[in-house]
Amino acid sequence: MSPISYPQAIYDDETGQWVSDAEVAEVGSFTAFASRPKNERVKCRLVVRRVKVKPDSQEALFATWRHHAFITNSDLSTVEADRRHRGHAIVEQVIAELKQGPLAHMPSGKFVANQAWLAYAVIAFNLARAAARAAGMGMVRMQTLLRKIIAIPARLASTGRKLIIHLPRSWPWQAQWSRLWATASSP
């Protein structure tokens, strides 16, 4: 087992924890698709990353781990192969978020319409990333950002020449929204 630490902690939605440390190990000679004919079998390395799951309320009697395995045929070290795989996983997540949103309308019958949808999707994604950073939410997923910050349960009121936003009391994401508002409306 080789320890690996990620420079930016990654939020795990399943456990509700920030993950910054893990351990990686590999099986050097692994045959993928072993049940297939010999010409379709692939000799590669099996890399397994394990992340310790922290208990919620009390100390556990034994350590609980979550495991993630992937295969690679690269010559990188185990730790570097895991870092590259993590980078690919983040890119795949971005693509999945774009496909769930504006890119769900593609392909249309017109090239110019596809070009417009792609341009709008990239602009919206970049604005959402900037808003998440400004709100102090880091690398939160697009659906989470929409649910917690963008689609807020607020009420607008106007008095005189001022617009007042009434946010709900004891709203759990009020601090993040206020941080975003202060960043966006400051000079």
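Okay, here's what the table says:
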{"item": "Around GLU26: net Lys/Arg minus Asp/Glu count, Cβ-Cβ under 11 Å", "result": "+1"}
{"item": "Chain lengthening between TRP18 and SER5 when straightened (0.36 nm per residue, less Cα-Cα)", "result": "3.5 nm"}
{"item": "Label-point separation in nm, HIS105 to PHE30, each point 7 Å along Cα→Cβ", "result": "4.2 nm"}
{"item": "Gyration tensor verdict on the range 66-173 (Cα atoms; rounded if a/c is under 1.5, prolate if a/b is larger than b/c, oblate otherwise)", "result": "oblate"}
{"item": "In nm, spacing of pseudo-spin labels at ARG133 and HIS88 (7 Å Cα→C-beta vector)", "result": "2.7 nm"}
{"item": "Cα Rg over Rh - the range 135-179, Kirkwood", "result": "1.04"}
{"item": "Candidate lysines - alpha carbon under 22 Å from LYS162, same-chain residues fewer than 8 apart omitted", "result": "none"}
{"item": "Pairwise Cα inverse-distance average, inverted: Kirkwood Rh of the chain (Å)", "result": "20.6 Å"}
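Since every read-out is calculated from the coordinates, none of them should be taken as a lab result. Predicted, not measured: the structure shown is a model, and the values here were computed from it. Don't worry about glycine lacking a Cβ; one is built from the backbone with ideal geometry, like all the others, and counts go over all protein chains shown.
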